[in-house]
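Enquirer: For reference, the structure I am asking about is given below.
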Amino acid sequence: SAYFGNEGVGEGYAVAFKLQWIVDEDNPHIVVEPETLEFGQLFVDRESTMEVEATNLGGVDLTVTSITTEGDGFSTAGIEEDLVVESGASFTVEVTFAAGAEQEYEGTLVIESDAVNAEEGLTIVPLFGEGVSPPEISIDPQAIEDDLNTGEMSEHVVTIANDGGEDWPFTTEVELIA
């Protein structure tokens with residue numbers, strides 16, 4: 001049983017909870033969240049890590065025998081020995097995406113276990129990502145020098161450009177020093 005109330009808690013507070021139930025009393029049953037990992041766009045030669053949570057919603061222990069990734073650009077630490085997950089318990093798998101080139105990437109996270117709902121013992125999580133070139137900022141001219149006397153002014157044009165393949169996600173401010 002559970003009690004949810006707001007006694008002693010001021011307005012504006014929320015209580016978050018996760019409700020799960022056993023779906024198969026006699027067998028291990030694996031459920032993953034999220035069901036797909038979308039890394040989105042990532043600059044080439046950078047990496048990003050996301051997590052998948054796997055839960056045993058069976059009534060008996062779940063035995064995970066391997067955790068691997070397939071497909072260029074994706075990796076996981078995996079496991080060195082069988083992982084036993086009790087009924088109602090969860091474990092987290094970190095997946096890393098490293099974009100080596102400007103292209104779209106597809107792969108899979110594969111969790112091998114004795115779960116009755118895993119087709120041929122395999123739970124598959126599709127993985128997606130895209131390698132994009134970073135912005136490349138150029139400034140012309142790189143330096144400005146003037147010999148000015150008191151009261152004289154000088155005017156120069158400075159060009160700041162993005163020669164790279166992606167937008168420059170920054171704002172630029174110019175500060176004139178008198």
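Enquirer: On the protein heavy atoms, probe 1.4 angstrom, tell me the percent of accessible surface of segment 59-178 carried by carbon and sulfur.
Expert: Here it works out to 45 percent.
Enquirer: What length, rounded to one decimal in nm, is gained on full extension from SER154 through to ASN27, with 0.36 nm per residue of separation minus their alpha-carbon distance?
Expert: 37.6 nm
Enquirer: Taking amide hydrogens as modeled 1.01 Å from N in the peptide plane, which residues meet the under 5 Å criterion relative to ASP61, leaving out close sequence neighbours?
Expert: Distant-sequence amide H within range of ASP61: SER87.
Enquirer: Skip the ligands, DNA and RNA, and give the accessible area per residue of segment 27-178 with a 1.4 Å probe, whole Å².
Expert: That works out to 66 Å² per residue.
Enquirer: Compute the Cα gyration tensor for segment 100-150, then decide on rounded, prolate or oblate, letting a ≥ b ≥ c be the square roots of its eigenvalues: rounded whenever a/c is under 1.5, prolate when a/b is larger than b/c in the other cases, and oblate in all that remain.
Expert: Prolate shape, in that a/c is at least 1.5 and a/b is the bigger ratio.
Enquirer: Using the Karplus curve 6.51 cos²θ - 1.76 cosθ + 1.60 with θ = phi - 60°, what ³J(HN,Hα) values do you get for each residue of segment 100-113, in whole Hz, with x for Gly and Pro?
Expert: Couplings: x, 7, 6, 5, 8, 10, 9, x, 9, 9, 10, 10, 9, 8 Hz.
Enquirer: In nm, give the distance between the simple-model label positions of SER90 and GLN103, each being 7 Å from the Cα along the Cα-to-Cβ direction.
Expert: Using points 7 Å along Cα→Cβ, the separation is 3.5 nm.
The values are calculated or read from the model by the stated rules, or taken from the named source; none is laboratory data. In this text, all values refer to a predicted model and were calculated from it rather than measured experimentally. Neighbour counts run over all protein chains shown; Cβ positions are idealised from the backbone, glycine included. Side chains are part of the model used for accessible areas, which takes the heavy atoms of the whole protein and leaves out ligands, DNA and RNA. Shrake-Rupley method; radii C 1.70, N 1.55, O 1.52, S 1.80 Å.
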